[in-house]
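First the structure, in the form of structure tokens, and then the observations on it.
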Amino acid sequence: MNLAQLPILSIVTYLPLAGIALICCMSNKRPDLIRWTAFLTTVVTFIVSLPLYFNHDASTWQMQFVENVPWLQSFGVSYHMGIDGISLLLVMLTTFLSPLALLSTWSAVTERVKEYMICLLFLQVGMLGVFCALDFFLFYVFWEVMLIPMYFIIGIWGGPRRIYAAIKFFIYTMSGSVLMLIAILSLYFMMYKATGEYTFDILKYHQLHIPAATQFWLFLAFFLAFAIKVPMFPFHTWLPDAHVEAPTAGSVILAGVLLKMGTYGFLRFNLPIFPLATQQFVPFIFWLSVIGIVYGALVSLAQDDIKKLVAYSSVSHLGYCMLGMFALNVEGIEGSTIQMINHGLSTGALFLIVGMLYERRHTRLISEYGGVMKVMPLFATLFLMVCFSSIGVPGLNGFVGELLILIGAFKASVPFASVAMLGLLLGSVYLLWMYKRVMYGPITNEKNKQLPDMSFRELAYLVPILVFIVWIGVAPKTFLNKMHTSVTHLIEQVNAEKTIAKTMDYGTEHTHN
Amino acid sequence: MELSIPTINFSALYPEIVICAFALLILMWQVFAKQSQNVLGYIGFIGVVTALIMVVYMPSSFGSRSVVDTFNGLWVVDNYSRFFKLIFLIGTGLTILISIKYIKQEVMPAGEYYAMLLMATLGMMIMASSADLMPIFLGIELMSISLYVLTGYARTRMISNEAALKYFLLGSFATGFLLYGIALLYGASGTTNIAGIFSYIRTSNINNHIIMIGMALLLIGFGFKLAAVPFHMWTPDVYEGAPAPITAFMSAGPKAAAFAAFVRVFLEALPAMHNHWVPVIWWIAVLTMSVGNVIALVQDNIKRMLAYSSIAHAGYVLVGFVAGGKLGTPGILFYMLAYTLMNIGAFAIITYLGDVGEKRITVKDYAGLGFQYPIASVALSLFLFSLAGIPPTAGFMGKFYIFSAAIEAGYLGLAIIGVLNSVVSVYFYLKITVAMYMKTPETQVEGAKPALAFAPMLALAVLISAYGVVRLGIFPTVYLNLVQNSNLIWP
């Protein structure tokens, strides 16, 4: 059997389960063994996922590494996995961030390590599954499954208000997704009426022509599920709670990968399946995105808790992703996708940094710090780099994404793009102001005088992220090339349907005359 | 006049005969061997397994679409009734496994307990196989009277006595409605046979008032047994008061039995009245789901919470019933199987953690148990997530089935109300996991032992249910085919 025949996507997705099985056999009394096993599992998963990147053929938009076997035949459910250029990058982001997030828990989580690691690995399975699934049923299963480990991560190892945050996270996400389930089922029977086939195959739905009025409602149901996940204004209220209460690794995964499931959902479902409704919804989503961008930035400005600040900055950043995506041109969507990766890297890194500060001082209040630069110079340098990346300073990754998004947005709508620019400005204000208050100035708090600089382990999980922050900033083509054909195809899909609809409208008018 | 004696095919009755024989055997064994309480449970379990095998393989292998009709049209063995019997027997088998430890620790007489359990099961099986309203009534009575006794079985506990009395009074009242309904249908059509009523209605005026009133009374009678709102008032008290294994039993088997009879009567005898009963049941379904879930939100006693949750689940099943069609009835069958497994599984853990005298029974008592009893807690979480309908569990597949039936039949609103209800339900199911994993115990539960002894039979019950819940959630193909073969109206 050669490499091409191996079900590599399934191997990558379920490899963490093997780690879970190993950990289950281990005694609670040996936390280090458990940590190493979990860490190595994620590293191996990352290594196994590398062939995905190198063997991916960027010249075609077709799904690759496809696995398709019947699952529940009477319902037409199949186990259909596959990735294109867009999901490839998100899969890689997941496998890349997971070991780093795990490393950050070494000293942060000391109680119930076994259960914690099981939850984290289980979460990884769910996330990878979401990005690989090409069957609605399978997708929905993964989509819901990952709620459970995240719920436990926030609820058991979180901060003081963890229970509230965990339940809110669960219920919010679930209320969106059950409506999506209804929409999926409606689509399913619609498909049957149109083609006589019972199937949940997502790719087949890309070819289904749905009347515009129906598209509107179905789009709305999917929109709710994904908008809550992204989260778009005004569905964002669960996010700050979840972020602030979650332990560091939880926040990293939440910001890094989980939120991308929402934006990914828009790209994979809303745009190609409901192209007419997509056009209809553009102004509406532009409004929400721009409000999210400015609102998120303004609220960040007012925070005195660093983690909350980063959490609200996510609302702002994800606003850019949505803005770029619904510009519906190549620049916009590519920018949006690359911005998903960027946000995963830089916000992930920011949460890691907040985690480092918190581990040292057990507080996240900005006022507790000041002058930290003097005792932690190395930390200060890396922190500043991450801030720059998040702000979008040229030469780093954030700039590439934001520039592309803004080019796309300007092509689509000048007023909205102009307001979004304001968000960029505010972004540099809240981050740099926070940086100034934490790092510069005299050391006002006695407790900060003895802070140790970064340890080797901390460097080990921050530096890989920085490598990619610079890489994407300097040579974005490496990553843009991977998705280019997929994105172009996506835009063709959106526009093709539009032309068909137009000719159909024309046709009916013609007969009326 | 020549009296013809119908030829009776006894092979269609073997599982029932076995259950009845084992019930009597237990009663006699108990007289002669006073000391061996556990053995009685094992005997009962063997009886259930034997009957289970017979249901699957006799008169022909399950899955083929054979229909055996005997006792002059009173008794029918089709896939539909066989699937329901499967559910009852699984429920009873699991209940017996749970009860072995319980009976011992509560020092209850075992003989009557297991005999009554089997008698109730017999009643349920009769309900599923009846092709006539009279045996349905007999079945309901046999089942209910056994249950009244079992509910009050914890004689020394006040709450158990209260529950039994309430159940008995309200139950007999509801049976009265049912019987009156049967009488009116008989009066109008001149027969109690389901097929006979069907052909009478088809050939006569469907706006016959006597039939309408009879149907309404039947609906009330069945509604009571299903614990559908607004006939649910007895449920919380009875579920709370009954011994925990009996609560587990009641929430699964008898409910399924009520559905078995209800669906058969309405789909086979009264399909012509479809337009009259669908809107009514639509509302009952909505009310049952919503009231069950919303009231469960504020419950502290876990048994009571699951009582309301069982009301809500009956509501989901009613959605499948309203939808009908070629997904509706199979959906009901699948859902009842899934519900039996997950609910009895949950009650098994609750019985286990409750300890002697069911001391640990409120949500607060569960604080911190997650790390004290890791395996029991993981299992309970699995069952709760399944009850909440999170994939990949049986509960999700069941809901998926029911709601796709509703959407296919065009009841979009009902489906949306249903899924939103399941979001509401998530909150109270999560409340238990929150207590187990995210809270630290405030005070030690009074009298509860620091460590509970391992109960092998109960563990077996949990294992079987957990396997079933995961199996039905991930690889349900075999069962999906079975339920599709068991469809009542689309043979």
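The values are calculated or read from the model by the stated rules, or taken from the named source; none is laboratory data. From a predicted model like this one, the values you see are computed outputs, not experimental measurements. Note that each Cβ is placed from the backbone with ideal geometry, even for glycine, and that neighbours are counted across all protein chains shown. What goes into the accessible areas is simple: the full protein's heavy atoms, side chains included, and nothing from ligands, DNA or RNA. Shrake-Rupley method; radii C 1.70, N 1.55, O 1.52, S 1.80 Å.
Values computed for the structure shown
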| item | result |
| --- | --- |
| Subset of segment A:14-54 [surrounded by 15 or more Cβ atoms within 10 Å (Cβ to Cβ) and charged (D, E, K, R)] | A:ARG35 |
| Count - residues of segment A:183-192 that are within 7 Å of another protein chain (Cβ to nearest Cβ) and open to solvent by 10 Å² or more (accessible area, probe 1.4 Å) | 2 |
| Residue that is nearest to the chain's Cα centre (by Cα) [pool: residues in segment B:432-446 that are open to solvent by less than 40 Å² (accessible area, probe 1.4 Å) and within 9 Å of chain A (Cβ to nearest Cβ)] | B:THR433 |
| So B:PHE266, is it closer than 22 Å to B:ALA174 by Cβ, assigned to a helix (DSSP H, G or I) and out of contact with any helix residue (DSSP H, G or I) (no Cβ under 6 Å at 6 or more places or on another chain) | yes |
| Breaking point among (1) touching a residue at least 12 places away in the same chain (Cβ under 8 Å); (2) over 24 Å from the mean Cα position of the chain (by Cα), for B:GLY345 | (2) |
| A:LEU323 being closer than 18 Å to A:HIS243 by Cβ, open to solvent by less than 10 Å² (accessible area, probe 1.4 Å) and modelled with pLDDT of 90 or more | no |
| Flag for A:PHE388 being surrounded by 20 or more Cβ atoms within 10 Å (Cβ to Cβ), out of contact with any strand residue (DSSP E or B) (no Cβ under 8 Å at 6 or more places or on another chain), at pLDDT 90 or above and not charged (D, E, K, R) | yes |
| Residue within segment A:207-228 that is open to solvent by 10 Å² or more (accessible area, probe 1.4 Å), of a type outside the set (A, V, I, L, M, F, W, C) and within 14 Å of chain B (Cβ to nearest Cβ) present | yes |
| Test result for B:PHE428, within 11 Å of chain A (Cβ to nearest Cβ), closer than 16 Å to B:MET342 by Cβ, open to solvent by less than 10 Å² (accessible area, probe 1.4 Å) and in a helix (DSSP H, G or I) | yes |
| Sole residue being open to solvent by less than 20 Å² (accessible area, probe 1.4 Å) and more than 9 Å from chain A (Cβ to nearest Cβ), chosen from B:GLY370, B:GLY389, B:GLY398 | B:GLY398 |
| Selection within segment A:152-163 - facing another protein chain (nearest Cβ under 10 Å) and either assigned to a loop (DSSP other than H, G, I, E, B) or open to solvent by 30 Å² or more (accessible area, probe 1.4 Å) (or both) | A:TRP157, A:GLY158, A:ARG162, A:ILE163 |
| Residues that are under 16 Å from B:TYR148 (Cα atoms) and buried (at least 22 other Cβ atoms within 10 Å of the Cβ), drawn from segment B:100-129 | B:TYR113, B:TYR114, B:ALA115, B:LEU117, B:LEU118, B:MET119, B:ALA120, B:THR121, B:LEU122, B:GLY123, B:MET124 |
| Residue selected from segment A:429-453 under the condition of a type in the set (A, V, I, L, M, F, W, C) and at pLDDT 85 or above, by the criterion nearest to A:LEU378 (Cα to Cα) | A:MET439 |
| Selection status of B:LEU384, closer than 29 Å to B:PHE88 by Cβ, within 14 Å of chain A (Cβ to nearest Cβ) and at pLDDT 90 or above | yes |
| Any hit, segment B:215-228, residues being within 30 Å of B:GLU358 (Cβ to Cβ) and open to solvent by 40 Å² or more (accessible area, probe 1.4 Å) | no |
| Conditions (1) out of contact with any strand residue (DSSP E or B) (no Cβ under 8 Å at 6 or more places or on another chain); (2) at pLDDT below 85; (3) assigned to a helix (DSSP H, G or I): number failed by B:GLY468 | (2) |
| Residue under evaluation B:PHE428, criteria (1) under 30 Å from A:LEU185 (Cβ atoms); (2) aromatic (Phe, Trp, Tyr); (3) modelled with pLDDT under 90, criterion not met | (3) |
| Qualifying residues in segment A:65-86 (those that are touching a strand residue (DSSP E or B) at 6+ places or on another chain (Cβ under 6 Å), touching a residue at least 60 places away in the same chain (Cβ under 8 Å) and more than 21 Å from A:SER49 (Cβ to Cβ)) - the one farthest from the other protein chains (Cβ to nearest Cβ) | A:SER78 |
| Wholly within segment A:328-429, helices (runs of 4 or more DSSP H) carrying at least 3 residues that are within 20 Å of the chain's Cα centre (by Cα) and in contact (Cβ under 8 Å) with a residue 12 or more places away in the chain | A:330-361, A:377-391, A:397-412 |
| Members of segment B:379-425 that are touching a residue at least 40 places away in the same chain (Cβ under 8 Å), in a loop (DSSP other than H, G, I, E, B) and more than 21 Å from the chain's Cα centre (by Cα) | B:PRO391, B:PRO392, B:ALA409, B:TYR411 |
| Residues that are among the hydroxyl-bearing types (Ser, Thr, Tyr) and free of Cβ contacts under 8 Å to residues at least 60 places away in the same chain, drawn from segment B:145-180 | B:SER146, B:TYR148, B:THR156, B:SER172, B:THR175, B:TYR180 |
| Yes/no for A:PHE96 being farther than 30 Å from B:LEU480 by Cβ and touching a Leu at 6+ places or on another chain (Cβ under 7 Å) | no |
| Residue satisfying all of: in segment B:289-328; among the charged types (D, E, K, R) and assigned to a helix (DSSP H, G or I); least open to solvent (accessible area, probe 1.4 Å) among these | B:LYS303 |
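A quick yes/no check of all residues on (1) touching a helix residue (DSSP H, G or I) at 6+ places or on another chain (Cβ under 7 Å); (2) open to solvent by 20 Å² or more (accessible area, probe 1.4 Å); (3) among the acidic types (Asp, Glu); (4) within 12 Å of chain B (Cβ to nearest Cβ):
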{"position": "A:MET92", "(1), (2), (3), (4)": "yes, yes, no, no"}
{"position": "A:SER107", "(1), (2), (3), (4)": "yes, yes, no, no"}
{"position": "A:GLY126", "(1), (2), (3), (4)": "yes, no, no, yes"}
{"position": "A:MET150", "(1), (2), (3), (4)": "yes, no, no, no"}
{"position": "A:ALA165", "(1), (2), (3), (4)": "yes, no, no, yes"}
{"position": "A:THR173", "(1), (2), (3), (4)": "yes, no, no, yes"}
{"position": "A:GLY176", "(1), (2), (3), (4)": "yes, no, no, yes"}
{"position": "A:LEU181", "(1), (2), (3), (4)": "yes, no, no, yes"}
{"position": "A:GLY196", "(1), (2), (3), (4)": "no, yes, no, no"}
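Quick grid of which residues meet (1) in contact with a Leu (Cβ under 8 Å, 6 or more places away or on another chain); (2) in a helix (DSSP H, G or I):
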site: A:THR199; (1), (2): no, no
site: A:LEU208; (1), (2): yes, no
site: A:GLN215; (1), (2): yes, yes
site: A:ALA221; (1), (2): yes, yes
site: A:ALA225; (1), (2): yes, yes
site: A:ASP241; (1), (2): no, yes
site: A:VAL244; (1), (2): no, yes
site: A:ILE253; (1), (2): yes, yes
site: A:LEU258; (1), (2): no, yes
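Per-residue answers, yes or no, for (1) open to solvent by 50 Å² or more (accessible area, probe 1.4 Å); (2) at pLDDT below 85; (3) within 16 Å of A:VAL330 (Cα to Cα); (4) not charged (D, E, K, R):
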| residue | (1), (2), (3), (4) |
| --- | --- |
| A:LEU459 | no, no, no, yes |
| A:ILE472 | no, no, no, yes |
| A:THR485 | no, no, yes, yes |
| A:GLU492 | yes, no, yes, no |
| A:LYS498 | yes, yes, no, no |
